[in-house]
Amino acid sequence: MEEELKQIVDAANANVGAVSNRAAFEAFKAGITGPNGSLTKVMKSMGQVAKEDRPTFGKRINEAKQQVQAIYNSALEAIEAAEIAERLGPPIDPSLPSPDSEPGSLHPLTQVREEISRIFKQIGFTVAEGTEVETEYYCFDALNTPKDHPARDLQDTFYLPDDADFGNVSKKSDERYLLRTHTSSVQIRTMLKGEPPIRIISPGRCFRRDTVDATHSANFHQVEGLYVDKNVTVRDLKAILDYFFEQLLGKGTTTRFRPHFFPYTEPSFEVDFSSSHLAKLGSDWVEIAGCGMVEPEVFASVGYDPEVYSGFAFGMGIERIAMIIYGIDDIRYFYQNDHRFLKQFA
Amino acid sequence: MKISLNWLKRYIDLPESPKEIADSLTLLGFEVDDMESTGLPQLENVIVGEVLDRQQHPDADKLGVCRVALGDAIGEKTIVCGASNYKVGDRVPVAIPGAVLPGGFKIKRSKLRGVESDGMMCSGKEIGAGEDAAGLLILEGRPELGTPINAVLTESDTVFNLEVTPNRPDCLSHLGIARELAAWYQRELSYPAVDNLPAPGDRPSGEKIFKSASVECEEDCPLYRATVIKGVKIGPSPAWMQDLLSSIGLRPINNVVDVTNYVLHECGNPLHAFDARDINGSKITVRNARECEKVVTLDDEERTLSSRMVVIADDERALAVAGVMGGQNSEVKEDTTDIVLEVAYFNPTTIRWVSKTLGLSSDSSYRFERGVDPSSLRFATDRAVQLILETAGGTVCGPEQVAGSEPMVEKEIELSTDWVRAKAGFEISDEEIRDSLERLDMVISEENDGDWLVNIPSYRGDLDRPIDLLEEVLRIYGTDKIPSGAVVATATGENDNPITEFSRRAANYLVGQHFNEVVNYTLRSEGEQQNWSESVSRMALGLKNPISEDQTQLRHSLLPGILESLRLNRSRKTGATRFFELGRVFREVNGKVVEMISVAFAECSLGRPRSWKLREADDFFTAKNRATLLAGFAGIDIGRFKVSQIVDDSTAWQKGQAAVIDDPRAGILAEFGLMNLERIKALDIEGDMVAGSFSILPERLKAAKRVQFQPFSLFPPTAKDLALVVDQSELANDVVRSIEKIAQKATQGAFAMESIYVFDIYEGEGLPAGKKSVAVSMVFRSSERTLKDKEVNTAFEKIQNVIREKTAFEIRD
């Protein structure tokens, strides 16, 4: 009997190595502890054992059961491990590249626009939007542009046909529709809609009837800013632009104002910057923006009292800034969309 | 505008270098686009030397070894020279060690074929004085030994190309620019003296030559002056005048014409000289042109005029297009002896219109349309008469014929110095303000404790209001000295526009999905638009004045541009296949064009480099999912809208493999799926294109609303499955919607069908032809209790009964 139990356990130990899957395991298990299993048979013979021997016998059987159970457990573990190994396959080669596409990317013009928006947001400017199709009133008249100003010529500005009818671009009266030449029209519409204080930037696509070359494009992007409040001064304008350009181009960037002329600001300035961070440019002053104090006539056209309010406006080209900060020498790269260009800005 | 430095120096001392002057002009508001110097550049260590003797070089036939005297400070040096055009005793430019010649050539002590040389004797070309490189530049007039060469060869000039802003017509001349520099440098400005002319009373009568001038259209020509000069001799103008005119790009013609050009560029006043013989009736009338009147202008073109234009006419015909260009019929010729000199003030608006309408711009029209100072006419006349008498001889006759009168230009502006400081935002003293204004020839005629009355010079038509004076004060104070300060950030309580927010979310999502953003032109070709789809081809999206054939239309969709980007990347083999764009598109809806915010994406199935492992390709449902998410960023649940299958070949999408949601009332358009295979192929793009776009009217985009929390049930759900046999053409979503409605009634509010989803679609064996099975799973749940099987079963029974009775669907067992 003792011998029999030992044989069962030994046999189990000897045969378990061949058990390689769950079916084989179940057969193996049935052969030992199943209803007709070898161990079950021995247990069933318990009745024939003399009473006084039963405790010893029982103890031996329990021991054998435990040993068999341990064999089962290890067999199951091995099977599970084999199953996982099969499911997972061979170890990966971590040096292989991912078969997924390369990373996506935001276009550099979008990135520059977002960076500009981010900097201005720090100092309280939020983004305003308008339509690309505008009317002559909002693009020129309200901005104090003389009726016969050359910018209005068919030579320089794209117009829509005289019978064009736009459902969601409102007209002042019966003026012509055009493609906006700057985003200043957004300033006008924003002022007409609300009361000071106004503190907005308006990035967006603009159009001028230019022939495409290395620095001109049939459409381009601009960002303009407007601040209207009580007691806004020339110095405030300088302070804002200094802050902006230092954030954009790095510490130590300086700007200078040069007198200029725009119909919608008075006084008007062009802004040059100088930055040691942009080695390509050297130490020269580089033209970067236009700005000025809002012309009283512009306030008059939106119904603000120029005696009460003052303000400033500024504008700059997004392509130009992108070209400066990334060192891009041809504006056409922005519109070709060659992936080798785009992915550099991913 | 071109401005010659030498010309400026006739009116003001300018010892500064051209670069410094350019910087000053820039800070005055006249941006210098470029500058070109003629003559000698500034050269250090190039001085006058004299050849004392010349020996043959021992080892080189063509070289001479010279002893050269260089003045007391340097003494005598030995210089090896290869030229042969000089002789002993000649004085020449010598570059001594340390000199840097044009082109960056540095002179140092060196050995030439074994002989030491202490510098170089120079040709004209080597020092930048002309093109002669054949031999040494032999200096005339024996200049002092050791003199810097720049002090000897002073014939140089610099021409600035500057931008004069439209508000400053007074600076469209050399005197005007000199006046600005005089204010900047605080220097004397010397106007040319014209006091040597015969007094009006001393002039012989010119009435036999010319009788009178009159103006019929006073609004167009407020003032007209005509002066007769008789007995002129036409010939070339003097060299100095020719040089100055040439320096700014004008071609010298003859003395009289050159004087008119010279005075125009000196004073800014356009003038014109007529040959008196050609003035029929000896009378000039300034009048409106007759409709279709013709005149051949000096540029040899016959111009056809209209009645809004103005001509200078004699009794019979037009002699000139007023303010724009003279006519050939009365120009000054070689045999002209008597001339009538015109100086006038024309209405800027008239001249601008005429010039624009005729497509004819001249130096005259350029100035008249910006505004000439009317009170400057007398000076300009005198100056021109003076120069004509000097250069062409003749006698000035009287009396001057004047028509019209000088418009009033005297202006006074009230200015408060405190107001100036308040607008500037920084301390600028009364004295600094006064200094700026006075340097600009303004006169403070009254003062009362910082409240000033400022008289404005007649030529400053741009100054009307105190704010205009603020600019002048800052300009002279120095706009580069405007101090910076602390940023004052007013809080406005506004958020970024919803369009901006939507664009950010959409872009970030697509970038996260491995798409590259592209930016394409808004203006597209008519052909592209026509071929896109039948409905687009009918839209009125054309421009009135396109610039080129391939950019005539507003884009109706971002996809054509994206396809172009894909094609470019494919042909350049960059391996990129996924692109998206965000921007504005235009559609015609019910006869009106609308501008929409749009986002579109496309992926090409070919073009990626081969990979060691394959991924499943995107299909219709990937595109649908993307379009749905993008619409979601705009706050639109496109699941609520009717989706239409693409059923024919009239669109850019593949029949049966794409869908469109078009709801003009909601202001949205979504399209997604496989693009039309044939059209893609016609565009020369290989591969399948899975794409999508979502567009929305900007006014429909709203800032995201704050969410209100909805409590949810903590009790378990019960699910029931149901398979329905429906027509193959039936949309699954319509089936689901029907069941939803039925279920709502069946549960009668006692509990709810929480969700329903399609888990299987089957067609084929076991089903009749033309039918498909749609299997849905319905999930029921109560918010108050655990549902009993019985009540769910009852509801489920009811639902099935209603389906059997009220719908065309068949329940599959």
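Which net charge results for the neighbourhood of B:Thr552, defined as the other residues with beta-carbon distances under 9 angstrom from its beta-carbon, given Lys and Arg at +1 and Asp and Glu at -1?
Charge balance near B:Thr552 sits at -2.
Going by alpha carbons, how many degrees (0 to 90, nearest 10) lie between the helix axis of A:2-15 and the longest principal axis of chain A?
Its long axis makes an angle of about 40 degrees.
Quick one: Karplus J couplings for region A:159-170, per residue in order, coefficients 6.51, -1.76, 1.60, θ = phi - 60°, nearest Hz, x for Gly and Pro?
Here the 3J(HN,Hα) series is 10, 8, x, 4, 8, 4, 9, 9, x, 10, 10, 7 Hz.
Nearest 10 degrees, 0 to 90: what angle lies between the long axis of helix A:234-249 and the longest principal axis of chain A (Cα atoms)?
Here the helix axis deviates by roughly 40 degrees.
Could you please rank B:Trp653, B:Trp184, placing first whichever residue has the fewest other Cβ atoms within 10 Å of its Cβ?
B:Trp184, B:Trp653
Across region B:11-22, in residue order, what do the Karplus-derived ³J(HN,Hα) couplings come to in whole Hz, using 6.51 cos²θ - 1.76 cosθ + 1.60 with θ = phi - 60° and x for Gly and Pro?
Once θ is set to phi - 60°, the couplings for region B:11-22 become 10, 7, 6, 9, x, 5, 6, x, 5, 5, 5, 4 Hz.
Of B:Lys720/B:Lys741; A:Lys230/B:Lys411; B:Lys745/B:Lys790; B:Lys356/B:Lys411; B:Lys62/B:Lys111, which ones are farther than 20 Å apart at the Cα?
Violating the 20 Å Cα-Cα cut-off are A:Lys230/B:Lys411; B:Lys356/B:Lys411.
Which loop GluC sites (Glu not before Pro) in region B:545-622, with loop taken from DSSP, have no more than 16 other Cβ atoms within 10 angstrom of their Cβ?
B:Glu549, B:Glu616
Using Cα atoms only, what is the angle between the long axis of helix A:108-122 and the major principal axis of chain A, expressed in degrees (0 to 90) to the nearest 10?
Relative to chain A, helix A:108-122 is tipped by roughly 80 degrees.
Enter the per residue convex hull volume of the protein assembly as shown, computed from alpha-carbon coordinates, in Å³ rounded to the nearest integer.
336
Loop-only check: which trypsin sites (Lys or Arg not before Pro) in region A:69-173 are DSSP coil with at most 16 other Cβ within 10 angstrom?
Those that pass, being in a loop and sparsely packed, are A:Lys147, A:Lys171, A:Lys172.
Choose one answer from A:Phe269, A:Phe312, A:Phe28: the residue with the largest mean-square fluctuation in a GNM of chain A with alpha-carbon springs under 10 Å.
The residue that fluctuates most here is A:Phe28.
For region B:38-55, just list the computed ³J(HN,Hα) in residue order, Karplus coefficients 6.51, -1.76 and 1.60, θ = phi - 60°, integers in Hz, with x standing in for Gly and Pro.
For region B:38-55, the Karplus curve yields 10, x, 6, x, 5, 10, 8, 6, 10, 9, 7, x, 10, 6, 8, 7, 9, 10 Hz.
Check B:Lys771: other-chain or 5+ apart residues with amide H under 5 Å from its amide H, H built from backbone geometry?
Under 5 Å from the amide H of B:Lys771 lie the amide H atoms of B:Gln728, each far enough along the sequence or on another chain.
Filter the trypsin sites (Lys or Arg not before Pro) in region B:644-693 down to the DSSP loop ones having no more than 10 other Cβ atoms within 10 Å, then list what survives.
Of the trypsin sites (Lys or Arg not before Pro), the ones in loops of region B:644-693 whose Cβ has at most 10 other Cβ atoms within 10 Å are B:Arg665.
Shape of region B:731-813 from its Cα gyration tensor (a ≥ b ≥ c, root eigenvalues): rounded if a/c is under 1.5, otherwise prolate when a/b > b/c, or oblate?
prolate
Taking amide hydrogens as modeled 1.01 Å from N in the peptide plane, which residues meet the under 5 Å criterion relative to A:Cys206, leaving out close sequence neighbours?
Excluding prolines and chain starts, which carry no amide H, the hits are A:Phe220, A:His221, A:Gln222.
How many angstrom lie between the C-alpha centres of region B:688-710 and region B:539-584?
Value for the Cα centre distance between the two parts: 23 Å.
Once amide H atoms are built 1.01 Å from N in the peptide plane, which residues 5 or more positions from A:His260, or in another chain, come under 5 Å H to H?
For A:His260, the qualifying residues are A:Ser268, A:Phe269, A:Glu270.
Specify whether the C-alpha gyration tensor of region B:156-301 places it in the rounded, prolate or oblate class, a ≥ b ≥ c being the square roots of the eigenvalues: rounded for a/c under 1.5, otherwise prolate if a/b is larger than b/c and oblate if not.
Prolate, because a/c is 1.5 or more and a/b exceeds b/c.
Which of rounded, prolate or oblate describes region B:459-551 when judged by the alpha-carbon gyration tensor and an a/c cut-off of 1.5?
Since a/c reaches 1.5 but b/c is at least a/b, the shape of region B:459-551 is classed as oblate.
Hey, how many Å between the Cα centroid of region B:198-262 and the Cα centroid of region B:379-418?
Distance between centres, Cα-based: 13 Å.
Every number here is computed from the coordinates shown, using simple stated rules; none is lab data. The structure displayed is predicted, hence computed values, not measured ones. Methodologically, a virtual Cβ is constructed for each residue, glycine included, from the backbone with ideal geometry; neighbour enumeration extends over all protein chains shown.
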